[in-house]
Amino acid sequence: MEIKMKKALALVAVLLLVVVGVANAGSVEKIDIEGLKALKASDEQFVVIDSRGGKYFDGEVIEGAKHLAVNDQTAEKLAELVPSKDTKIVFYCSNVDCPASEGAAVKAKEDGYTNVVKYPGGFEEWKKAGLPTSKI
């Protein structure tokens, strides 16, 4: 009985570590539209990545952004766009209801990138505000 209890406690401890790890991995800092505008106006080095894919991506991005759909994102493809893991990366997708930017940001953190944020307002908010976009 004592051995079963120790195994059960060990299993609970492992599960707790997994849950805490997953919760922490999913916690990505956010930047709002004003913060992104200020970042773009600054001298700070950063990369903006559009994470939309499939029917949600029509080739138009926030001006200066790169495109890497979350479903296509690998460590190698991200490294081509952002070689330094210390560079700030801002991920965005369509809007606040779109999960692609969160998924892309979490993947980047798992790949060792240390300065990762997401812009939840996404392309729709940016374009609605009349801010610059471009076709890629």
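The values are calculated or read from the model by the stated rules, or taken from the named source; none is laboratory data. Nothing here was measured: the structure is a model prediction, and the numbers come from that model. Reconstructed Cβ throughout: ideal geometry from the backbone, glycine too, with neighbour counts over all protein chains shown.
Details
- So residue 92, is it touching a residue at least 40 places away in the same chain (Cβ under 8 Å) and closer than 18 Å to residue 58 by Cα: yes
- Among the candidates 32, 43, residue that is exposed (fewer than 12 other Cβ atoms within 10 Å of the Cβ) and more than 19 Å from residue 113 (Cβ to Cβ): 43
- Flag for residue 102 being of a type in the set (D, E, K, R), farther than 19 Å from residue 27 by Cβ and in contact (Cβ under 8 Å) with a residue 40 or more places away in the chain: no
- Cβ-Cβ under 6 Å pairs, at least 6 apart or on other chains, the range 61-78 side more than 16 Å from residue 102 (Cα to Cα), far side part of a helix (DSSP H, G or I) and at pLDDT 95 or above: 62/126; 66/81
- Some residue of the range 88-97 being among the β-branched types (Val, Ile, Thr), within 20 Å of residue 134 (Cβ to Cβ) and in contact with a strand residue (DSSP E or B) (Cβ under 9 Å, 6 or more places away or on another chain): yes
- A single entry from 82, 90 fulfils the requirement of being β-branched (Val, Ile, Thr) and under 19 Å from residue 33 (Cβ atoms): 90.
- Failed item in (1) in contact with a strand residue (DSSP E or B) (Cβ under 7 Å, 6 or more places away or on another chain); (2) of a type outside the set (Asp, Glu); (3) at positive phi, with residue 61 passing the rest: (3)
- Restricting the range 65-117 to residues that are among the polar types (S, T, N, Q) and over 17 Å from residue 45 (Cα atoms), the residue that is surrounded by the most Cβ atoms within 10 Å (Cβ to Cβ): 101
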